[in-house]
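Novice: Pasting in a structure now, in structure tokens, and then I'll have a few things to ask.
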Number of protein chains: 2
Amino acid sequence: MKIQVGVSNRHIHLTKEAYQILCGDKELEELRPINQPGMFVTTDIFTIKTDKAEIPKVRLLGPLRDYNQIEISRTDAYKLGLNPPVRTSGDVEGSSPITIIGPNGELHLDEGCIIADRHIHVTEDMKKFYHLEGKNKVNVLVKGEKGGIMFNVDLKVSEEAYFEMHIDTDDANAFMLKQGDIVEIIEDK
Amino acid sequence: MKIQVGVSNRHIHLTKEAYQILCGDKELEELRPINQPGMFVTTDIFTIKTDKAEIPKVRLLGPLRDYNQIEISRTDAYKLGLNPPVRTSGDVEGSSPITIIGPNGELHLDEGCIIADRHIHVTEDMKKFYHLEGKNKVNVLVKGEKGGIMFNVDLKVSEEAYFEMHIDTDDANAFMLKQGDIVEIIEDK
């Protein structure tokens, strides 16, 4: 079963309160939509910072959420001196602390920095259609020069979803994948 | 069949002539040995550079060789604006151009920058011992949260070898592996 790849670069999700601290009373502005329904890249970029280092130009995704979350790769984590857990989006309890710097102010978070797990966006109907009912994780086959199999790819169900596999830049670069490449779901786990 | 992982950060191999251009008449100095017999980390670090960006503090490995080779990750390649081929060590023909900056001078290479393939160092005797005779590539199983299988792992035979699998930082970070971790050869390909 074929599926398209979306590569997630490091990015940020914010609450309304956090956004106000970082940007003041500005309205959230859409730069361009992403494939997942309702979601978009905003015009806002921030710097993320630890005692060890900082990374500039980290993009905010919209809309605003009810939690703050900073998704980075393990490569970024080494640079920042962090050891964030691999988590599904929204599961930020006990994750790594980080500071975000915006045009209007700075925000230190005691938790919120994660490495996003490999996941596939699906609806319940798609799970039925693709015979994935009752499955929470799948394996994914990647062909090519640095091919292989990714285990533990989470099936992330939402009411609306564009059928797509999201991986971070470490997975993309290790397997030589880029946005829009096609891979294959091969078995459940 | 278990095997130990060695993670290769970006690094450089140089000819005697190239070393002299970059460092002058200095002798090569060993900082510490690496696991492969006769090889060592030198005290020399260089900056690698393209029109787009530069990366400082790239370590020279010794001893000197009869070719120049700069091994980087795909993450580095994006930063530098390069698209280097995935190659086995020494196979640099037609690979990416890059400039090296040393304390004594600069050296522009028309080719030499590669992404090193995933490989396992073995002797012919080890191949017999581990029942890998006649095989050039194997698959390697990685357990853990971001586990999976790596295809196309090259069996690199030399007269002397420490039995070890070498991967770059992209593979290490994608699969959450670090130096000294144990993985498993599972089948030939």
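Novice: In the Gaussian network model of chain A, springs joining C-alpha atoms below 10 Å, which of A:PRO84, A:PRO63, A:PRO103 carries the largest mean-square fluctuation?
Specialist: A:PRO103
Novice: In whole Å, how far is the Cα centre of the range A:59-80 from that of the range B:6-64?
Specialist: That distance is 34 Å.
Novice: While we're here: Each residue of the range A:79-92 in turn: what ³J(HN,Hα) in whole Hz from Karplus with 6.51, -1.76, 1.60 and θ = phi - 60°, glycine and Pro shown as x?
Specialist: 4, 7, x, 10, 10, x, x, 7, 9, 7, 4, x, 8, 9
Novice: Using the Karplus curve 6.51 cos²θ - 1.76 cosθ + 1.60 with θ = phi - 60°, what ³J(HN,Hα) values do you get for each residue of the range A:105-118, in whole Hz, with x for Gly and Pro?
Specialist: x, 10, 9, 9, 10, 6, 8, x, 8, 10, 9, 5, 6, 5
Novice: For the range B:153-188, which GluC sites (Glu not before Pro) are both in a DSSP coil and crowded by at most 13 other Cβ atoms within 10 Å?
Specialist: On the way: sites: B:GLU159, B:GLU160, B:GLU164, B:GLU184, B:GLU187; in loops: B:GLU159, B:GLU160.
The qualifying sites are B:GLU159, B:GLU160.
Novice: Summed for both chains, how many Å² of accessible area, to the nearest 100, are buried between B and A with a 1.4 Å probe? Walk me through the numbers on the way to the answer.
Specialist: Numbers: alone 10000 and 9990 Å², together 17890 Å².
Counting protein atoms only, the buried area is about 2100 Å².
Novice: Using θ = phi - 60° and the Karplus curve 6.51 cos²θ - 1.76 cosθ + 1.60, what whole-Hz ³J(HN,Hα) does each residue of the range A:43-51 get, with Gly and Pro shown as x?
Specialist: 7, 8, 10, 10, 9, 9, 8, 10, 4
Novice: Round to the nearest 10 and report in Å² the accessible area of B:GLU111, as given by a 1.4 Å probe over the protein chains' heavy atoms.
Specialist: B:GLU111 exposes around 80 Å² with every protein chain in place.
Novice: Counting only protein heavy atoms, what percent of the accessible surface of the range B:1-90 is carbon or sulfur at a 1.4 Å probe?
Specialist: Numbers: 2140 of 4440 Å².
The nonpolar share, carbon plus sulfur, comes to 48 percent.
Novice: Moving to a separate point now. Springs between alpha-carbon pairs under 10 angstrom, Gaussian network model over chain B: which of B:ARG87, B:ARG65, B:ARG74 fluctuates most?
Specialist: Judging by the Gaussian network model, the answer is B:ARG65.
Novice: Under 5 Å between amide H atoms, partner at least 5 residues away or on a different chain: which partners does A:MET39 have, H built in plane at 1.01 Å?
Specialist: Those lying under 5 Å, H to H, from A:MET39 are A:ILE34.
Novice: Still on this structure, please answer the following. Where in the range B:163-179 is the amide nitrogen less than 13 Å from a point lying 7 Å along the Cα-to-Cβ axis of B:MET126?
Specialist: The answer is B:163-167.
Novice: At a 1.4 Å probe, which residues in the range B:99-126 are at least 20 Å² less accessible with all protein chains present than in their chain isolated?
Specialist: B:ARG118
Novice: Hey, another quick one. Just to confirm, what accessible area per residue do you get for chain A at 1.4 Å probe, in whole Å²? Intermediate results must be reported in sequence, preceding the final value.
Specialist: Working: 8940 Å² over 189 residues.
That works out to 47 Å² for each residue.
Novice: So who's got an amide H within less than 5 Å of the one on A:ALA53, skipping anything under 5 residues away but keeping other chains? H placed 1.01 Å off N, in plane.
Specialist: Here the answer is none, since no amide H 5 or more places off falls under 5 Å of that of A:ALA53.
Novice: Whenever you get a sec, compute what percent of the accessible area on the range B:119-188 sits on carbon and sulfur atoms (1.4 Å probe). Before the final figure, lay out the partial values.
Specialist: On the way: 1560 of 3180 Å².
With neighbouring chains kept in place, the figure for the range B:119-188 is 49 percent.
Novice: Amide H to amide H under 5 Å from B:VAL86: which residues, 5+ apart in sequence or cross-chain, H placed 1.01 Å off N in plane?
Specialist: Under 5 Å from the amide H of B:VAL86: B:ILE115.
Novice: Using heavy-atom solvent-accessible surface (probe 1.4 Å) with all chains present, what is the largest-first order of B:ARG118, A:ARG32, B:ARG10?
Specialist: On the way: B:ARG118 5, A:ARG32 130, B:ARG10 70 Å².
Result of the area sort, largest leading: A:ARG32, B:ARG10, B:ARG118.
Novice: Just to confirm the filter: which chymotrypsin sites (Phe, Trp or Tyr not before Pro) across the range A:39-78 are DSSP coil and have at most 14 other Cβ within 10 angstrom of their Cβ?
Specialist: Values: sites: A:PHE40, A:PHE46, A:TYR67, A:TYR78; in loops: A:TYR67.
The qualifying sites: there are none.
Novice: Once you list every other residue whose beta carbon is under 12 Å from the beta carbon of A:GLU184, what net charge do they have if Lys and Arg are +1 and Asp and Glu are -1?
Specialist: Counting the neighbours of A:GLU184, the net charge comes to 0.
Novice: While we're here: Taking only Cα atoms and a 10 Å spring cutoff, compute GNM fluctuations for chain A and point out the largest among A:LYS52, A:LYS137, A:LYS79.
Specialist: Its mean-square fluctuation being the largest, the pick is A:LYS52.
The values are calculated or read from the model by the stated rules, or taken from the named source; none is laboratory data. Just so it is clear, the model here is predicted, and its values are computed rather than measured. Glycine also receives a Cβ, built like all others from the backbone with ideal geometry; neighbour counts cover every protein chain displayed. Areas reflect the complete protein model, heavy atoms only, side chains present, ligands, DNA and RNA absent. Shrake-Rupley method; radii C 1.70, N 1.55, O 1.52, S 1.80 Å.
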